[in-house]
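Visitor: Here it is, the structure, as structure tokens.
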Amino acid sequence: MAFWGVEVKPGKPYTHIHHADHGRLRICQATLGNCDAAARTVLQCNVGNKIPIKLCSLNPKLAETCHLEVEFEEVDDVIFSVIGHSSIHLSGYYVCASNRSNVGDDESESYGEDIGHSSTDEEHDTSEDSYESDFIDDREVPLSEKYGSGSIDDSDDECTQRCHRQKAEKTTQNAERRRRLKKHQANGITKKRIIDVKKRKQSSISEDPASSMDMTDANAPSVSKQVDEIKKKSKKKMRNQSGENNEKQSNIRTLDDGLVVEYLSMGNNDAKVASDGCKVYIKYVGMLKDGKIVESNVSEKPYKFKLGAGKVIRGWDVGIHGMRVGEKRKLTVPPSMLSGGKSVGEVPENSSVIYEIELVKVK
């Protein structure tokens, strides 16, 4: 096995001449000579009078080296050339017929004539005339005329499309995961409310004196006292529950246009307040009443717009007005304050959209 290497420069094809005593040529690797080049460089070869074959395409931004395992059995001359503005270094070795099965033998020698000839122009004097009929000078003729439009950029286009598809699939999966989480939370809240109602019913039944006591003349005074105490406790419990419901109702406000505003968490009293003409930055999640998420920017930068200027839906201009930085609100926007009741995107016609909005910043 003898080492072989050559530098193929743009516009200067290199011709490899077969020598029987050297054995077969085996090319293992191609490397860009100038990594500062902005465009790709293509390596091709031509054996005898056959059609040129592209061996690899190198790009300093994607791949500067390409591993090859190409062995030439032909006795015809092999012409290597590059299309682009950078040279390509080829490296490999000669495989003799006697030791092809022992590629890893320690005995080796270097035929330096290929490497030396690559840096001069003398080797091309005898081969350029015959070679011009098979190769086109890439510096004068556009590549699209010889190889067809997009022949080199197909791999990049395919890679870009694949990246876009993966990104779209990931976004869809994230949206589906959030929708399932919202639905799971809603189901948990519903189940908890059902359990609370059952407990209250059972509690009211157990506190009914007529169903659990036998009113007799012997213990009438004690029974009457127990009944009074039970009634007092029941009234006190009802007042507490009524107070909690009133407090919860005070956090929900319905405006004349049908917009329902629920205050989820209050911001700092010293924080800035959103008013008409201010530029506001918000994080939001929009969903239908069945829990399906139709739009969200939770995983993106805050959405900014001028409040009260009609740049967004009217439900936002009205519902966000008066919010403080850090405050969270739930806005149930009716169809009339969305897009006039028309179907838009994933929102059906005449449907309300529930937005959970957090005010991040006010300018």
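Visitor: So how do 287-297, 262-272 stack up, highest first, on mean other-Cβ count within 10 Å? Provide the component values of the computation, followed by the final result.
Guide: Working: 287-297: 15.8, 262-272: 12.6.
In descending order of packing, they fall as 287-297, 262-272.
Visitor: Treat every Asp and Glu Cβ in the range 2-94 as -1 and every Lys and Arg Cβ as +1, leave all other atoms uncharged, and give the resulting dipole magnitude about the Cα centre to the nearest 20 debye.
Guide: In total the dipole reaches around 360 debye.
Visitor: What pairs in Lys170/Lys311; Lys201/Lys225; Lys170/Lys283; Lys311/Lys363; Lys199/Lys237; Lys283/Lys361 have C-alpha atoms more than 18 Å from each other? List each step's numbers first, then the result.
Guide: Values: Lys170/Lys311 30 Å; Lys201/Lys225 23 Å; Lys170/Lys283 20 Å; Lys311/Lys363 16 Å; Lys199/Lys237 13 Å; Lys283/Lys361 10 Å.
As for pairs spanning more than 18 Å Cα to Cα, those are Lys170/Lys311; Lys201/Lys225; Lys170/Lys283.
Visitor: With all protein chains present, calculate the accessible area of Thr171 using a 1.4 Å probe and round the result to the nearest 10 Å².
Guide: 80 Å²
Visitor: Follow-up. What FRET efficiency, computed as 1/(1 + (r/R0)^6) with R0 = 22 Å and r the Cβ-Cβ distance, is obtained for Ala20 and Ile53, rounded to the nearest 0.05? Mind dumping the intermediate values first?
Guide: On the way: r = 24 Å, r/R0 = 1.08.
Once rounded, the FRET efficiency stands at 0.40.
Visitor: Report the label-to-label distance for Lys232 and Asn297 in nanometres (one decimal), using points 7 Å from each Cα along the Cα→Cβ vector.
Guide: 5.9 nm
Visitor: Run the simple label-point estimate for Lys61 and Glu349 please: 7 Å along Cα→C-beta, distance reported in nm.
Guide: About 4.7 nm separates the two model spin labels.
Visitor: Just the number please: accessible area per residue for the range 2-94, 1.4 Å probe, all protein chains included, in Å².
Guide: 45 Å²
Visitor: Between Ala186 and Thr31, how many nm apart are label points set 7 Å from Cα along the C-beta direction?
Guide: The two pseudo-label positions are separated by 6.1 nm.
Visitor: Moving on. Kindly state, to the nearest 0.05, the FRET efficiency for Lys12 paired with Cys96, given R0 = 30 Å and r defined as their beta-carbon distance.
Guide: About 0.55, to the nearest 0.05.
Visitor: So for each of 235-241, 350-356 I average, over its residues, the number of other beta carbons within 10 Å; can you give me the resulting order with the highest mean first?
Guide: Result, highest mean Cβ count within 10 Å first: 350-356, 235-241.
Visitor: By how many nm would the segment from Ser224 to His321 grow when fully extended, if each residue of separation counts as 0.36 nm and the alpha-carbon distance is taken off?
Guide: Details: separation 97, 0.36 × 97 = 34.92 nm, distance 5.71 nm.
Going from the current span to full extension adds 29.2 nm.
Visitor: FRET efficiency for Arg253 and His164, Cβ-Cβ distance as r, R0 = 35 Å, nearest 0.05?
Guide: It comes out at approximately 0.20.
The values are calculated or read from the model by the stated rules, or taken from the named source; none is laboratory data. These numbers were taken from a predicted model, which means no experiment stands behind them. So basically every Cβ, Gly included, is an ideal-geometry build from the backbone, and we count neighbours across all protein chains shown. What goes into the accessible areas is simple: the full protein's heavy atoms, side chains included, and nothing from ligands, DNA or RNA. Shrake-Rupley method; radii C 1.70, N 1.55, O 1.52, S 1.80 Å.
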